[in-house]
Amino acid sequence: VLGRPGWEYHQIGALIAFGAPLMAFTAENGMMFNFVSSDPGTGKTLVQHFINSIYGNSKQTILRKNDTLNARYDRMGVHCNLPICFDELTNLSAADTSELAYSVSEGRAKNRMEASANKERVNNAWWQTLVAVSSNASLADKLTVSKSTADAELHRIMEFPFQKPEELDPDFAQELATILFNNFGHAGDIYIKAIVR
């Protein structure tokens, strides 16, 4: 399906699944890729399910719009070198979008103090990975409108304008999603073993 003409951005998105573990061999900690389109049914979420299905159950691993920033940081720390997907960041505030962009590229969650003592909590949440997000509007536009200079954040987000492939009607999309929901975790095992070798 992904090899068909018109699915080029979906192909790039899918390759995030295989590129993320290779981040451990680079000097970079992370990069955020935004699949953006104001049109419904373009396959933004479908590609995220593909990415997640390489290593596990996408229904359980994809993060949704109501998940908190702290939950997102925790999940990145758990995934470490595996890809992570945040679906639907359209309603995320400009300040939170900025914070997320910085954090993804910094490779660790924010340090915090313990509530009951004057000492820092142990922070085990670190990563070197690729993060795929989706939104109905440009995150770059959101950042540039909200502050006078957003160059630092803009260097941390790459946006792909998704267009609906001709054959991607709702029935076909549901059929593909069902396949991913019922068949997952196989390719990641083979791929990681090949990388280790």
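The values are calculated or read from the model by the stated rules, or taken from the named source; none is laboratory data. Remember, it's a predicted structure, so these values are computed and weren't measured experimentally. Don't worry about glycine lacking a Cβ; one is built from the backbone with ideal geometry, like all the others, and counts go over all protein chains shown. Just the protein is used for accessible areas: all its heavy atoms, side chains included, with ligands, DNA and RNA removed. Shrake-Rupley method; radii C 1.70, N 1.55, O 1.52, S 1.80 Å.
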On the basis of being open to solvent by 30 Å² or more (accessible area, probe 1.4 Å), in a helix (DSSP H, G or I) and closer than 28 Å to P40 by Cα, does A101 make the cut?
no
Has the range 113-136 got at least one residue that is at pLDDT below 90, of a type in the set (S, T, Y) and surrounded by fewer than 13 Cβ atoms within 10 Å (Cβ to Cβ)?
yes
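When the residues of the range 62-89 are filtered to those that are open to solvent by 30 Å² or more (accessible area, probe 1.4 Å) and not charged (D, E, K, R), which remaining residue is farthest from W7 (Cα to Cα)?
First, pick out the residues of the range 62-89 that are open to solvent by 30 Å² or more (accessible area, probe 1.4 Å): 64-68, 70-71, 74-75, 78-79, 81-82, 88.
Within this subset, residues satisfying the condition of being not charged (D, E, K, R) are 66, 68, 70-71, 78-79, 81-82.
Values: N66: 29, T68: 31, N70: 33, A71: 31, V78: 31, H79: 27, N81: 26, L82: 23 Å.
My answer is N70.
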T144 vs. criteria within 14 Å of T45 (Cα to Cα), open to solvent by less than 90 Å² (accessible area, probe 1.4 Å), in a helix (DSSP H, G or I) and of a type in the set (V, I, T):
no
Subset of the range 147-172, residues part of a helix (DSSP H, G or I) and surrounded by 19 or more Cβ atoms within 10 Å (Cβ to Cβ), comes to E153
Taking only pairs six or more apart or across chains, which ones have beta-carbon atoms under 7 Å, a first residue in the range 79-98 that is touching a residue at least 12 places away in the same chain (Cβ under 8 Å), and a second residue that is among the acidic types (D, E)?
S98/E153
Among residues of the range 14-46, those that are of a type in the set (A, V, I, L, M, F, W, C), open to solvent by 10 Å² or more (accessible area, probe 1.4 Å) and either farther than 25 Å from E175 by Cα or touching a residue at least 12 places away in the same chain (Cβ under 8 Å) (or both), counted
10
Can you tell me which of (1) open to solvent by 60 Å² or more (accessible area, probe 1.4 Å); (2) at pLDDT below 95 is the one I190 doesn't meet?
(2)
